[in-house]
Every structure is written in structure tokens, then in C-alpha cells.
Amino acid sequence: MLMAQFVSRLIYLTAALKLPDYLAEGPKTAEELAQLTSTHAPALYRVMRTLCSLGVFAEDESHRFALRPLGEVLKSGTPSHAAALILGGDLVARSLDNLLYSVQTGKTGFQNSFGVPLFDWLSSHPAEASLFNETMVGFHGMEPPAVASAYDFSVFKTIADVGGSTGNLLTTILGKHPAPRGILFDLPHVVRDAPALIGQRGLTDRIQIEAGSFF
């Protein structure tokens, strides 16, 4: 249990160095990967072997590393890649460094570490905010299709998703029920990323985006 933090940091490192991206075209040695990632080959080799033991990569007799299914999902542009960077990175690590402070005071470790509440910090860090949004999409997985199938939303003219992030749930519902229109409401830095997802799902003309705080 005490070693678990090493695992999360190694998964973060995998995503940060984009190792799955470099292995997508075929197996490579640690030396080849080190040249691509500007890292120290012997150290990277030890990291890669550890990641093999975790099921992320596989090593052959020639000491070439290849992707396994667990590593595939960590390629750039995936929710799992975003989650690895957010949950395995400093955003969470520095918050957990203040866990004792949180238990002693009832206040958040994040704010004590970063000086502002989480969503205020994300509003001024657009790259991390986008990764956080993608992480949430990955977290909810198959929930939106289940919700869209379990309830008859077709009886409504308009459906508002308050705190709906980038529209994953709302677009899933409207995709299944063609009659209603939608309103997506969330913080300005959150809905900034919404048009891309909404457009990708062909629902730009059916969803109105509104920015604000539900508090």
C-alpha cells in the first residue's frame, strides 16, 4: 500500500514522456526511447521494466519494449492520458502533501498548496483545465449512455445541463433523442472547450452554451 504512490507517479511519467505514442508504430529499445524523450537510457530502462511488471508495456528477448492494451489507452488525446497527467501529477501530489493540514483544519490541501481554490486556479491555467475536463469525461465512462437509455427525455422541448462540463452527458442525451434542444451551463473556462465536443457530435445547432457559476 505504501508503494502505491510510486505506481501513480510512473503512470504520470508514461503520459508526460508520451511513451505510448512513440511505441505506437512498433517496439523500441530503451536507448531508442531515450533519444526520443531526451532521457537517460539506463534509468529509462529500469522505468520501462517496472512498467512492464504493471502490465503497461511488454519486453521481448531483445530488450525491445512494446505496447500492451493498458499502455494503448495512455496515448495522447485520450481521457486516460489526461487523467494520468492530472491525477498522477503535481495537482494531486501537492494537494496530498497537505493531507495532515486538511485533517487538522477541515480546509482543502489544494488551496493551502496553490493559494486559491481548485476551479479558480484552473480558470487561469487553460492547458490544465482542458486536461481536467478530459479526465472527467473518462471518469464517467458509460454513465451518459446509461442515463440516456434509462429515461425518456423525448417529452421535453429543452434540456439544461447545469454544471455540465464540456457537454458529454448532454450531447449523449440529445444524440439519442432528436427532438429536444439543449442548454449547457458551466464556468467560463470549462465551457470554452465545449464547442469542439459538441461540434464533433454534430449538435452545434441544437445546443446553446451559457457561462456562469451555479453557486
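The values are calculated or read from the model by the stated rules, or taken from the named source; none is laboratory data. Remember, it's a predicted structure, so these values are computed and weren't measured experimentally. Positions of Cβ are backbone-derived with ideal geometry, glycine not excepted, and every protein chain shown enters the neighbour counts. Surface accessibility is based on the protein's heavy atoms, side chains included, excluding ligands, DNA and RNA. Shrake-Rupley method; radii C 1.70, N 1.55, O 1.52, S 1.80 Å.
Listed values, structure above:
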| read-out | value |
| --- | --- |
| Filtered residues of segment 83-117 (kept if open to solvent by 40 Å² or more (accessible area, probe 1.4 Å), of a type outside the set (A, V, I, L, M) and not in a helix (DSSP H, G or I)) | ASP97, GLY106, LYS107, THR108, GLY115, PRO117 |
| Residue within segment 150-163 that is crowded, with 20+ Cβ neighbours inside 10 Å and out of contact with any Phe, Trp or Tyr (no Cβ under 6 Å at 6 or more places or on another chain) present | no |
| Subset tally (residues that are open to solvent by 40 Å² or more (accessible area, probe 1.4 Å) and not in a loop (DSSP other than H, G, I, E, B)) for segment 186-198 | 3 |
| Test result for GLY77, within 19 Å of GLU25 (Cα to Cα), at pLDDT below 95 and out of contact with any Cys (no Cβ under 9 Å at 6 or more places or on another chain) | yes |
| Residues satisfying the stated conditions in segment 60-82, i.e. buried (at least 19 other Cβ atoms within 10 Å of the Cβ) and either aliphatic (A, V, I, L, M) or part of a strand (DSSP E or B) (or both) | PHE65, LEU67, LEU74, ALA82 |
| Answer residue from segment 138-149, given it is open to solvent by 70 Å² or more (accessible area, probe 1.4 Å) and either of a type in the set (D, E, K, R) or assigned to a helix (DSSP H, G or I) (or both) and is farthest from SER95 (Cα to Cα) among those | SER149 |
| Members of segment 5-42 found to be of a type outside the set (A, V, I, L, M) and in a loop (DSSP other than H, G, I, E, B), listed by number | LYS18, GLU25, GLY26, PRO27, SER38, THR39, HIS40 |
| Within segment 49-59, tally of residues that are assigned to a helix (DSSP H, G or I) and in contact (Cβ under 8 Å) with a residue 24 or more places away in the chain | 2 |
| Matching residues, segment 1-46, being over 24 Å from LEU131 (Cα atoms), touching a residue at least 24 places away in the same chain (Cβ under 8 Å) and surrounded by 14 or more Cβ atoms within 10 Å (Cβ to Cβ) | PRO27, LYS28, THR29, ALA30, LEU33 |
| Options THR172, THR135: the member that is open to solvent by less than 50 Å² (accessible area, probe 1.4 Å), assigned to a helix (DSSP H, G or I) and either of a type in the set (Phe, Trp, Tyr) or farther than 16 Å from ALA82 by Cα (or both) | THR172 |
